[in-house]
Amino acid sequence: MRLSGRNLTCVRGGRQVFSGLDVSAAAGEALAITGPNGAGKTSLLRVIAGLLVPAEGSVALEGGDNELSLPEQAHYLGHRDALKPALSVRENLSFWRDFLGGDTQDTQQCLAAVALDHAAHLPAAYLSAGQRRRLSIARLLSVRRPVWLLDEPTSALDAAGQALFVGLMRDHLAGGGIVIAATHLPLGLDARELRMGGTG
Amino acid sequence: MRLSGRNLTCVRGGRQVFSGLDVSAAAGEALAITGPNGAGKTSLLRVIAGLLVPAEGSVALEGGDNELSLPEQAHYLGHRDALKPALSVRENLSFWRDFLGGDTQDTQQCLAAVALDHAAHLPAAYLSAGQRRRLSIARLLSVRRPVWLLDEPTSALDAAGQALFVGLMRDHLAGGGIVIAATHLPLGLDARELRMGGTG
Amino acid sequence: MSLGPYASFIVTSYALVTAVVLLLIVWIVADYRRQQARLREIEASGVTRRSGRSAADMR
Amino acid sequence: MSALAALIRRDIRIALRVGGGALIGVLFFLTVTVLMPFAVGPDLALLSRLGPAILWLGALLASLLTLDRLFTADHEDGSLDLIVMSRTPLELACAAKALAHWLAAGLPLIVATPVLGLLLNLDGTATLAVALTLLAGTPALTFTGMIGAALAVTLHRGGLLLAVLVLPLSIPVLIFGVAASQAAISGPMSFGTPFSILCALSLFSLVIGPFAAAASLRHGLD
Amino acid sequence: MSALAALIRRDIRIALRVGGGALIGVLFFLTVTVLMPFAVGPDLALLSRLGPAILWLGALLASLLTLDRLFTADHEDGSLDLIVMSRTPLELACAAKALAHWLAAGLPLIVATPVLGLLLNLDGTATLAVALTLLAGTPALTFTGMIGAALAVTLHRGGLLLAVLVLPLSIPVLIFGVAASQAAISGPMSFGTPFSILCALSLFSLVIGPFAAAASLRHGLD
Amino acid sequence: MTLTDLANPTRFLALTTRILPWLAGATAILLAIGLYQSVMAPDDYQQGATVKIMFIHVPNAWLSMFVWGVMSIAALGTLVWRHPLADVAAKSAAPIGAAFTFLALVTGSLWGRPMWGTYWEWDARLTSVLILFLMYLGLMALWRAVEDPSRAARAAAVLTLVGAINIPIIKFSVDWWNTLHQPASVFRAGGPTLDKAFLWPLLVMAIAFSLLFITLHLAAMRNEILRRRVRSLQMMQASSSRTFSAEAGSASCEGNGSKEIGIA
Ligand code: HEM
Ligand SMILES: Nc1ncnc2c1ncn2[C@@H]1O[C@H](COP(=O)(O)OP(=O)(O)OP(=O)(O)O)[C@@H](O)[C@H]1O
Ligand SMILES: Nc1ncnc2c1ncn2[C@@H]1O[C@H](COP(=O)(O)OP(=O)(O)OP(=O)(O)O)[C@@H](O)[C@H]1O
Ligand SMILES: [Mg+2]
Ligand SMILES: [Mg+2]
């Protein structure tokens, strides 16, 4: 399995963010996208996730499920955490599990994996910033998707949370998954680096 | 000038987050609040900012302006960045400058200090995560307030941005200001640490 | 030529159509002049556009 | 299928829990109805003649009021990104969201109709006719309104602009809804003709709405 | 003072940019008015009798459609925290926000009234009367609605019931507004009585609104 | 000159500049002939001289629908082929269409007063045209309200296609519901029923107004292309005059704003 995008150009708000960019990542490989603020890391992730249409070029997953498009085989973890404050932690998670569908895991186990099981009944409005982020991470676990697209995944996590998350990424990679993460901090595992900006 | 809170207890959503906590910081001093996710760092900052009413105890600024309450002499930089997507970067900043009032600085200079001057005319909706954070930081500069309450201020900033922000904090401290920051990462300057959670 | 008892209606409608069409024309011509002037102004200030690009890479 | 069921369940749950949405709609409906007797004066015959029109107007405006944020809330918290990426076709997801909205905000209006009918001096048959036309017609309001809600997200605009864009589309529904109820109450015309046109409009919008909304979401997200 | 001016300027600017501006308000009103004859039927005499009610309903809806998020938007992006912390008294800030809303959403409607009067077959005096009552009454709609908007921010703390209690507050305004315009047009009653009640309601809400809103924001933030 | 050549804005501009004078001339001549014929046309035995209003009412009414049709095709171009020239065509057609619709409404009302005894009646034909007018205004508001032209284009395209449903409703409203308005007498199954003395001036006026629309539309499209060119040049100006600090995203430095239709 191999994710590859060729000659990608992205235009936002009438301005060109990047052009002629190639990305690729093989199964079991982690790719860290780095670069200064405004370089286009988030934009690139959104192009891969199919949320932005590139002005040129295209991305595809070779060797994945042929019936499904790349976005359908990917998890996207963005800045906005897709949680409804009115619903409880468990309700939030099990909604996404049911809605995303496919190969699902037990909700309670996923919550335990991010150390949120004690808060399962709390409304999501009551969560602290780091707890929200943990809940988003639990979503990655609740449904198996080969490609993880992560936008600054460790922000707001404490040291224990970061260690825990590195463990989860390792497991995912060991299972043949792909991780593409935009980050300003070291990812904490071996990753190829794609540096944006600076050069152009 | 000295900020001090005694015997603070905070109850949120019917659960006690912390109790019997003392905080204090003198002029020119930085206080780093650390602790695991959900320990109550954000809650403590909001208590100091007057946005949460503590169940017990109180916080005050001794030696500040006697006519003004502590919140009126403080800047609060939270996770949510108080920007309006429909307004341009400059409009956002100059609104807060005019609204917060007091001892104000030139907008263009503040933007230059966070390296956002080239984007002054862009709508805030077009900013990347790090650029938004820089704009929030510019707000701290645009109006002089002795107390800065910062909640994970460096998240989303790139390396250059973090260095720049450390410089700004140093300047503020050198001018006799107080910095209280909740953070998971080292602040990058000499700071007393208040560790929350773990024990209670 | 007599227009009968409803002459005012007929004349008004013809006049209105003329007025609106003239307005459209004036607006479009004025708009053209304005855009041309702005273009000249900008190009005088040194910004030039790259030319010779094909239709394919235009979008 | 279960994905759609999950989406519907979630949206209804949120609507009921945070309240706002559904209840404000019913309240607005009530306000419109209560106001009319004051406008028209104490002429009971006239009031009952205007009854269906008033109820329909109230329903239209109430759905406009609540529909506005159908997609905006999901956009702001990032849920919409995940919905667009999911394996569920976006058209179906849009339809599910509209259905949930109708169940939470449209159905209560219909349930409230008999009570309001009393206020407007409508007799049993008239109330029944209005309720029936509302049942057949409000889905059309929701599903055309959904187009506006989707445009709101892609334009970063809300409120009045949308109302302006969407209202013209819902005028035919209003015409036939009122015509059918009038026919049932007094009219020389038959109830069947306008009612079947109303149903046709609803079916039509059930098809057009999700496609137009999905198209505008697909092309407009960024 | 300049802080309040800045707040008003910002809110108007956002409203004009996001909602699309005064033009959109007028367009919205136009569409709502155009809806009426469809619902009521093409009876001009009846239309002009219903005219004031229709215009008042349009005004209520236009203010509800946008008022709803008066504070929620500021709460969600964190601006409200800063406003609460600022040196400007919260009551004044609330009043400024409401004023800005009225200027952006209420005033255009009043300016548009003469045009709509024509469509609804109202004569000169009637149009003037409606415009006058709208001028006197819409501030009350805005300032009572503001209380609901403030409660909406704290909704998840169980304030739903209160929010439901607020909308009915605007019903008296509506009733006296319509009554006054009716009186001016046809009624046996005098224009003065309901109009002065309307003004009293407006003044009252100008005082109560900001205090209630500020109180609920102060206690509801967390 | 192939279709792809036409799609290139620069070629389009050149072509437009070349043919606009001819088009304008043809429009003027046909309008003159049509007006002369309308003035000379005999009075109707029923309607008297007011039948002269027909010669301007009907072309405007036809065009009001035709322009929406043009915009619908442009909308398909925007959504399916993502073609920027289609955006331009759709945007510049809206005000012209709105003007024609307005004229159809006003001349219709002015005709209605002597014929039906009222300026306005809420019947299906009249109201559906009014809705068309409102939708034109809504579209124009949308174009104005949204800063980013390509975003506005996509939203407007969806709305235009949805609104296209209104066109058959206008056309057939007279058959579906009994209205005051008379049914079609020119474009109908079984040939026109109109007298030759009225048919000819009407057809000439219709062609003249169609030419008028084409002329105005091409000119407005040219303006719009220029406007976008100005906009992107301004953005380039703004970005080239700024000094990029190392961390301020030099990735976006190259070719800012260049991917707009204006730069070609
Ligand atoms: C505001 C009022 C009116 C509006 C909005 C209106 C609208 C229209 C429209 C949209 C058409 C084109 C329909 C088609 O192609 O089938 C049309 C055609 C026509 N209208 Fe009107 N109309 C109005 C008033 C009148 C009045 C008062 C008369 C005359 C008594 C009239 C006479 C005609 C005629 C003769 C045609 C040509 C029908 C044909 O030959 O196909 N209209 N009108
Ligand atoms: N709005 C709220 N209502 C009720 N309880 C809340 C609310 N926000 C947070 N809490 C609870 O208060 C506790 C402390 O939250 P707080 O946000 O202060 O943590 P934090 O130390 O800032 O954590 P993080 O490192 O994740 O930001 C948590 O257990 C959380 O569940
Ligand atoms: N919604 C948008 N509309 C238009 N332009 C945008 C939009 N979002 C971002 N941009 C612009 O695109 C460029 C890249 O933004 P992006 O969010 O991809 O940066 P990033 O690398 O993720 O930065 P950060 O490290 O700050 O998160 C920026 O210059 C930004 O101004
Ligand atoms: Mg980013
Ligand atoms: Mg926190």
Checking A:Ala49 against (1) surrounded by 21 or more Cβ atoms within 10 Å (Cβ to Cβ); (2) within 12 Å of ligand 3 (Cβ to nearest atom); (3) at the interface with another protein chain (Cβ under 7 Å from one of its Cβ atoms), the condition it does not meet: (2)
Residue match in the stretch A:1-22 (condition: of a type in the set (Ser, Thr, Tyr) and within 14 Å of chain B (Cβ to nearest Cβ)): no
Qualifying residue in the stretch D:65-76 (condition: surrounded by 19 or more Cβ atoms within 10 Å (Cβ to Cβ), within 10 Å of chain E (Cβ to nearest Cβ), of a type in the set (A, V, I, L, M) and within 15 Å of the chain's Cα centre (by Cα)): yes
Number of the exception - B:Val53 against (1) touching a strand residue (DSSP E or B) at 6+ places or on another chain (Cβ under 7 Å); (2) in a loop (DSSP other than H, G, I, E, B); (3) of a type in the set (A, V, I, L, M, F, W, C): (1)
In the stretch A:39-50, residue nearest to ligand 4 (Cβ to nearest atom) [restricted to those that are in a loop (DSSP other than H, G, I, E, B) and farther than 12 Å from A:Val11 by Cβ]: A:Ala39
Filter pass, B:Glu72 being under 19 Å from E:Leu90 (Cβ atoms), without any contact (Cβ under 8 Å) to a residue 12 or more places away in the chain and more than 7 Å from every other protein chain (Cβ to nearest Cβ): no
Matching residues in the stretch A:145-180 - criterion: being within 14 Å of chain B (Cβ to nearest Cβ) and part of a strand (DSSP E or B): A:Leu150, A:Asp151
Test for A:Ala82: is it in a loop (DSSP other than H, G, I, E, B), of a type in the set (A, V, I, L, M, F, W, C) and more than 16 Å from ligand 2 (Cβ to nearest atom): yes
Matching option when the condition is under 17 Å from E:Thr127 (Cα atoms), modelled with pLDDT under 75 and of a type outside the set (Phe, Trp, Tyr), among E:Ser186, E:Ser181, E:Ser190: E:Ser186
Residue match in the stretch D:140-163 (condition: surrounded by fewer than 19 Cβ atoms within 10 Å (Cβ to Cβ), touching a residue at least 60 places away in the same chain (Cβ under 8 Å) and either out of contact with any helix residue (DSSP H, G or I) (no Cβ under 9 Å at 6 or more places or on another chain) or of a type outside the set (Phe, Trp, Tyr) (or both)): no
Hits in the stretch A:123-144 (condition: more than 8 Å from every other protein chain (Cβ to nearest Cβ), part of a helix (DSSP H, G or I) and either of a type in the set (Ser, Thr, Tyr) or touching a residue at least 60 places away in the same chain (Cβ under 8 Å) (or both)): A:Ser136, A:Ile137, A:Arg139, A:Leu140, A:Ser142
Verdict on F:Trp22 being of a type in the set (A, V, I, L, M, F, W, C), out of contact with any Cys (no Cβ under 7 Å at 6 or more places or on another chain) and within 16 Å of ligand 1 (Cβ to nearest atom): no
Pick from the stretch A:152-193, criterion in contact (Cβ under 8 Å) with a residue 40 or more places away in the chain and at positive phi, ranking: farthest from ligand 4 (Cβ to nearest atom): A:Gly176
Which numbered condition A:Asp65 fails, given (1) assigned to a helix (DSSP H, G or I); (2) in contact with a helix residue (DSSP H, G or I) (Cβ under 8 Å, 6 or more places away or on another chain); (3) surrounded by fewer than 21 Cβ atoms within 10 Å (Cβ to Cβ): (1)
Residues (among the charged types (D, E, K, R) and not in a loop (DSSP other than H, G, I, E, B)) located in the stretch D:199-222: D:Arg218
Residue identified as in contact with a Leu (Cβ under 8 Å, 6 or more places away or on another chain) and within 17 Å of D:Ile208 (Cβ to Cβ) among D:Leu120, D:Leu109, D:Leu141: D:Leu141
Restricting the stretch B:1-33 to residues that are in a loop (DSSP other than H, G, I, E, B) and at pLDDT 90 or above, the residue that is nearest to A:Gly161 (Cα to Cα): B:Glu29
When residues of the stretch C:1-19 are limited to those that are among the β-branched types (Val, Ile, Thr) and within 15 Å of F:Gly108 (Cα to Cα), the one farthest from the chain's Cα centre (by Cα): C:Ile10
Flag if B:Pro36 is more than 16 Å from ligand 1 (Cβ to nearest atom), assigned to a loop (DSSP other than H, G, I, E, B) and in contact with a strand residue (DSSP E or B) (Cβ under 9 Å, 6 or more places away or on another chain): no
Count of residues meeting criterion [crowded, with 21+ Cβ neighbours inside 10 Å, modelled with pLDDT under 85 and of a type in the set (D, E, K, R)] in the stretch E:86-123: 0
Filtered residues of the stretch B:20-29 (kept if more than 13 Å from B:Pro146 (Cβ to Cβ), in contact (Cβ under 8 Å) with a residue 40 or more places away in the chain and within 16 Å of the chain's Cα centre (by Cα)): B:Val23
Residue count, the stretch A:72-90 (criterion: farther than 20 Å from B:Arg80 by Cβ, of a type outside the set (A, V, I, L, M) and crowded, with 22+ Cβ neighbours inside 10 Å): 2
Number of positions in the stretch E:58-82 that are without any contact (Cβ under 8 Å) to a residue 60 or more places away in the chain and not in a loop (DSSP other than H, G, I, E, B): 10
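The values are calculated or read from the model by the stated rules, or taken from the named source; none is laboratory data. Remember, predicted model here, so these are calculated numbers, not experimental data. Ideal geometry is used to build each Cβ from the backbone, glycine not excepted, and the neighbour counts take in all protein chains shown.
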